[in-house]
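Asker: I have a structure here, written as structure tokens, and I will follow up with some questions on it.
The values are calculated or read from the model by the stated rules, or taken from the named source; none is laboratory data. What you are looking at is a predicted structure, and each value in this text was computed from that prediction instead of being measured. Reconstructed Cβ throughout: ideal geometry from the backbone, glycine too, with neighbour counts over all protein chains shown. Just the protein is used for accessible areas: all its heavy atoms, side chains included, with ligands, DNA and RNA removed. Shrake-Rupley method; radii C 1.70, N 1.55, O 1.52, S 1.80 Å.
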Amino acid sequence: MNGKDTKIFGILAQFGDPGELLQAAEKTRDAGYSKFDCYSPFPIHGMDDAMGLRRSPLGYIIAFISFFAVIGGLSLQWYANAIDYPLVISGKPFISYQAYAPVGFGLTVAIAAIFTFVVMLALNGLPRPHHPIFSSSNFEKVTDDGFFIGIESGDSKFDTEKTKEFLSSIGGKNIETINN
Amino acid sequence: MTIDKDTYKLSNPGKAGKMFLVAGAAGAVLSLVGYFSDPEQFFHSYLASFVYWVTFGLGGLFFTMLHHLVNGKWSVVLRRISESFMMTLPYMAVFVIPIILGMNELYHWSVPEVVAEDHLIQKKTGYLNDTFFIIRIIMYFMVWIIFSFLLYRVSLKEDAGYTDNILKSQRKISAIGMILFAFSITYFSFDLMMSLDAHWYSTIYGAYFFGGILLGFLAFISLFSLLLQKNNILSGVISIEHYHDLSRLIFAFVVFWAYIAFSQYFLIWYGNIPEETLWYLHRWEGSWKVFGYIIIFGHFIVPFILLMTRASKRNPVMIKFICIWLLVMHYIDIYWLVLPSLHEHGAHVSWIDFTTFIALGGFFLFFLWRKFSANPLVPVGDPKLDASINFTN
């Protein structure tokens, strides 16, 4: 098994302050780990770069969805006003694209907003009612003054003993193994 | 052009200023010839060029006041540039004189014979009359000049040494100035451009003009900084992070401008009242239709699509292209607002359009460069300067 154990979720280590956590994240990234996460009571500026996270694809996904939202919004009005129930409104032609613009715009914004919320949750793997890391009682400090790094067993470089050694070498305290 | 690294002052302003002055003078002479050959065309071309070049000064004034009001950090490195734009207003005020002299050629409501036969304009003479018009124009420029001088004086005082009182007075001046700015630019656009067609009115016209002001200014300041850095001035001070923020603002105001433009059109289209639709009808007739399409696509759709991604907002080549593009579009937009009142049934681009454009542009750039090169290129006394230089998004 090469030191890997499917029962293990990962290794958790605690750090003293946000600065230490940031440096530890950089070292973990440079050591070649990619499946790990940092936990802190508040957002830390520069953490995305320190962890080596790529930019979120959310914007492109929403742009793609919005494109269809525009088409959908406009064709809905076109179908309703010009095909299904043609109605003369203040002498304007049935297909008055000017009148479609506000509703088309509004629908696009609404659909984009809803999908931004939903896709953002999906990309983050949320909602997630339980996480194996909650089994650590030490981890409860994360909502107050605890700063943690958890390297997960799914990482190709993961090795229970070596990862523990690595985490203590970069200054991690209270190192513990988290089971699934 | 060389810059002193410690004081941020230009030790050698170069020949740029002289070149602008020569261009301005040459344009002015040619425009004078234009005045004698076709006065009506001259005054309309002049009005379009004048409004175009004044908008950059107004943008500078707005951006500086906004910076103080929101306690801006990232924009500190751009503040002196925007203040230099704003300080062109006192000089540009002189160039309003030909418009006052040409009132009879430009505005139908100032011709007594026309008013005598026009019932609708008679009802408006309480506002639209020669004396009040001149008083208002003087008032607008007084407001802009007073607030520009106040802000610039405090800013130079800050260079000598920062105290908390300086920050306080900057905010106070900006708070009052911002309110007066909103009123003055709205009525400025009503008087100088909207009253060309005295029957027509649109209450959103001022907001439309404001969208153009800020878009033009943001494009100009980005281009200006990029050109400075091409000559190794302020490199390492203004970084791609600042351009990224400027591009985001440009993107936002492309949308803002389009939103206002569509709102104006949409309500008039819906109401379908002849006295309101006539204005758009003149602008959809003959070759003006081409201008309409250029504005819809060039002023909104093309920059909107090009600036959508993060990568393009951080690409200097793309930013430069968009800025030049938008500066051209800004002129076409103002041309489209002004000139149809002269050529109602189709565009007739005249050589005088170009000479007045070059004349006022040359003088504007001369004043801008003179002001900009005389003092430190960044507000060296601002305590937020380092934070602004090292700013990251």
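Asker: Yes or no: residue A:69 away from every other protein chain (no Cβ under 14 Å), touching a residue at least 40 places away in the same chain (Cβ under 8 Å) and surrounded by 14 or more Cβ atoms within 10 Å (Cβ to Cβ)?
Answerer: Judged against the criteria, residue A:69 is a match.
Asker: What are the pairs, 6+ residues apart or on separate chains, where a residue within segment B:260-274 that is more than 19 Å from residue B:299 (Cβ to Cβ) and within 11 Å of chain A (Cβ to nearest Cβ) has its Cβ under 6 Å from a residue that is open to solvent by less than 40 Å² (accessible area, probe 1.4 Å) and at pLDDT 95 or above?
Answerer: none
Asker: Does segment B:250-257 contain any residue that is in contact with a Pro (Cβ under 9 Å, 6 or more places away or on another chain), within 14 Å of chain A (Cβ to nearest Cβ) and within 24 Å of residue B:195 (Cβ to Cβ)?
Answerer: The answer is no, given that none of the residues of segment B:250-257 is in contact with a Pro (Cβ under 9 Å, 6 or more places away or on another chain), within 14 Å of chain A (Cβ to nearest Cβ) and within 24 Å of residue B:195 (Cβ to Cβ).
Asker: Enumerate the helices (runs of 4 or more DSSP H) found wholly within segment B:130-249, keeping only those where 2 or more residues are of a type in the set (Asp, Glu).
Answerer: Fully inside segment B:130-249 and qualifying: B:130-160, B:164-192.
Asker: Right, next: Determine whether residue B:380 is over 28 Å from residue B:29 (Cα atoms), at pLDDT 85 or above and either surrounded by 19 or more Cβ atoms within 10 Å (Cβ to Cβ) or touching a Phe, Trp or Tyr at 6+ places or on another chain (Cβ under 8 Å) (or both).
Answerer: Yes.
Asker: Every residue in segment B:291-340 that is within 14 Å of chain A (Cβ to nearest Cβ) and open to solvent by 30 Å² or more (accessible area, probe 1.4 Å), please.
Answerer: Scanning segment B:291-340 gives B:296, B:300, B:301, B:304, B:305, B:306, B:308, B:309, B:310, B:311, B:314.
Asker: Please go through (1) surrounded by fewer than 19 Cβ atoms within 10 Å (Cβ to Cβ); (2) within 20 Å of residue B:212 (Cβ to Cβ) for residue B:390 and return the number of the only condition it doesn't satisfy.
Answerer: With respect to (1) surrounded by fewer than 19 Cβ atoms within 10 Å (Cβ to Cβ); (2) within 20 Å of residue B:212 (Cβ to Cβ), residue B:390 is out only on (2).
Asker: I'd like the full set of residues that are within 25 Å of residue B:177 (Cα to Cα) and open to solvent by 10 Å² or more (accessible area, probe 1.4 Å), limited to segment B:97-135.
Answerer: B:97, B:127, B:132, B:134, B:135
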